[in-house]
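Below you'll find the structure, written out as structure tokens, and then a few comments.
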Amino acid sequence: MEKETAKQTQLEVTQSKYKVVHLLLRKKITVVGLGVVVFMMLVAIFAPWVSPNDPYEQRLGRGLEAPSDEFPLGTDNLGRCILSRVIYGSRISMAVGLMVVTFRAAIGIPLGLIAGFYGGRVDNIIMRVTDTFIAFPGILLAIAVMAVWGPGIFNVMLALSIVGWPQFARLVRGEVLKLREQDFVEAGRAIGLGDARLITKYILPNVVPLIVVYGTLGMAAPIVSEASLSFLGLGTTPPTISWGRILAEGRRFLRYAPWMATFPGIAITVTVMGFNLFGDGLRDVLDPRQRN
């Protein structure tokens, strides 16, 4: 009997997964977003193989060349291939987006679960701390942190993680406040399950879809923030290549070589749009209230 129940549960889970995939593929705009995300991920992973030139090689006699067959996106003031640099810059942007969202989730999700489940004084303390962080504009707080720690890719990830975890905590807390009053949680209490078991077995699985959606949508913000910090000179340091740093280098030559700043700007825009479109599609599929 138990084996049959387990098989039935596994079958229902498999059918649910196929239903989610089917609903995602029905939305063309979501497929476009997913295609952009997958494409940018593959470009970042295989950058050494898809780059037409060495992104660090300087050709001092060929600086500020317009796009051509040899250099499809032109060259910068030092004769470096813009296309190759944009391709390599995607590695930093993808890594920052992924790591920052992971760090934010690792901090915010446990705090949100604890605050929502226990309530009372514990909830008040955690929420007042999150309110303190939210009171400061995110990018300004990140700039302040970077001014203290100094530039560097690892410091960028830490700074952006520090300013972004309260959103995860508040989102999870709000969902847990609703779930803890549901009948299945009360049933778990009735059979003697402890708090840790209730949280991990009954509450967390029901919060996961919300976390997945918010995490996907949240990938765009760190990419833009990293580019902003690098543009201001507080992010990545040479010789590390990032889209924000390419933009900063190209702003001095906008009148003579607009391609230096145009193409990394397009890369940021397309990538952010891809994550937003895909995240919106996930929200529509995973949240029944959003379905038509």
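The values are calculated or read from the model by the stated rules, or taken from the named source; none is laboratory data. This is a predicted model, so every value here is computed, not measured. Glycine gets a Cβ as well: all are built from the backbone with ideal geometry, and neighbour counts include every protein chain shown.
Evaluated against (1) modelled with pLDDT under 90; (2) surrounded by fewer than 16 Cβ atoms within 10 Å (Cβ to Cβ); (3) assigned to a helix (DSSP H, G or I), Y256 falls short on exactly one condition, (3).
The number of residues in region 128-147 that are of a type in the set (V, I, T) and farther than 10 Å from P166 by Cβ comes to 3.
Across region 89-97, a minimum of one residue is classified as in a helix (DSSP H, G or I) and charged (D, E, K, R).
Of all residues in region 142-178, those satisfying the criterion of being of a type in the set (A, V, I, L, M, F, W, C), touching a residue at least 40 places away in the same chain (Cβ under 8 Å) and either more than 17 Å from S228 (Cα to Cα) or surrounded by fewer than 21 Cβ atoms within 10 Å (Cβ to Cβ) (or both) are I143, A147, I153, M157, L158, W165, F168, A169, L171, V172, V176, L177.
Scan region 230-239 and give yes if some residue there is out of contact with any Pro (no Cβ under 8 Å at 6 or more places or on another chain), buried (at least 16 other Cβ atoms within 10 Å of the Cβ) and in a helix (DSSP H, G or I), otherwise no.
Filtering region 230-239 for residues out of contact with any Pro (no Cβ under 8 Å at 6 or more places or on another chain) gives 230-232, 238-239.
Those still in the list that are buried (at least 16 other Cβ atoms within 10 Å of the Cβ) too: 230-231.
Subset that is in a helix (DSSP H, G or I): 230-231.
Within region 230-239, one or more residues are out of contact with any Pro (no Cβ under 8 Å at 6 or more places or on another chain), buried (at least 16 other Cβ atoms within 10 Å of the Cβ) and in a helix (DSSP H, G or I).
For region 181-213, the candidate set comprises residues that are touching a residue at least 60 places away in the same chain (Cβ under 8 Å) and touching a helix residue (DSSP H, G or I) at 6+ places or on another chain (Cβ under 6 Å); within that set, the residue that is farthest from T132 (Cα to Cα) is L198.
Selection of first residues in region 258-278 that are over 26 Å from T75 (Cβ atoms) and of second residues that are outside any helix (DSSP H, G or I), restricted to Cβ pairs under 8 Å at least 6 apart or on distinct chains, gives the following pairs, ordered by first then second residue: F275/M219. Checking each residue in region 27-56 for being part of a loop (DSSP other than H, G, I, E, B) and either surrounded by 13 or more Cβ atoms within 10 Å (Cβ to Cβ) or touching a strand residue (DSSP E or B) at 6+ places or on another chain (Cβ under 8 Å) (or both) picks out K27, S51, P52, N53, D54, P55, Y56.
I'd like the residue in region 85-113 that is within 30 Å of P72 (Cα to Cα) and of a type in the set (S, T, N, Q) and, out of all such residues, is modelled with the lowest pLDDT. Don't jump to the end; show me each part of the working.
Narrowing region 85-113 to residues within 30 Å of P72 (Cα to Cα): 85-98.
Subset that is of a type in the set (S, T, N, Q): 90, 93.
Details: S90: 93, S93: 89.
Filtering region 85-113 for residues that are within 30 Å of P72 (Cα to Cα) and of a type in the set (S, T, N, Q), the one modelled with the lowest pLDDT comes out as S93.
Restrict the check to region 174-186 and report whether at least one residue is β-branched (V, I, T), within 17 Å of V96 (Cβ to Cβ) and either at pLDDT 85 or above or touching a Leu at 6+ places or on another chain (Cβ under 9 Å) (or both). Looking for residues that are β-branched (V, I, T), within 17 Å of V96 (Cβ to Cβ) and either at pLDDT 85 or above or touching a Leu at 6+ places or on another chain (Cβ under 9 Å) (or both), one finds none in region 174-186, hence no.
With respect to the conditions (1) closer than 18 Å to A221 by Cα; (2) in contact with a Lys or Arg (Cβ under 9 Å, 6 or more places away or on another chain), D123 lacks only one, and its number is (1).
So that you can scan it fast, the table gives a plain yes or no per residue for (1) surrounded by 16 or more Cβ atoms within 10 Å (Cβ to Cβ); (2) in contact with a strand residue (DSSP E or B) (Cβ under 7 Å, 6 or more places away or on another chain):
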site: L60; (1), (2): no, no
site: P67; (1), (2): no, no
site: T75; (1), (2): yes, yes
site: I82; (1), (2): yes, yes
site: I87; (1), (2): yes, no
site: R91; (1), (2): yes, no
site: L98; (1), (2): yes, no
site: R104; (1), (2): yes, no
site: G112; (1), (2): yes, no
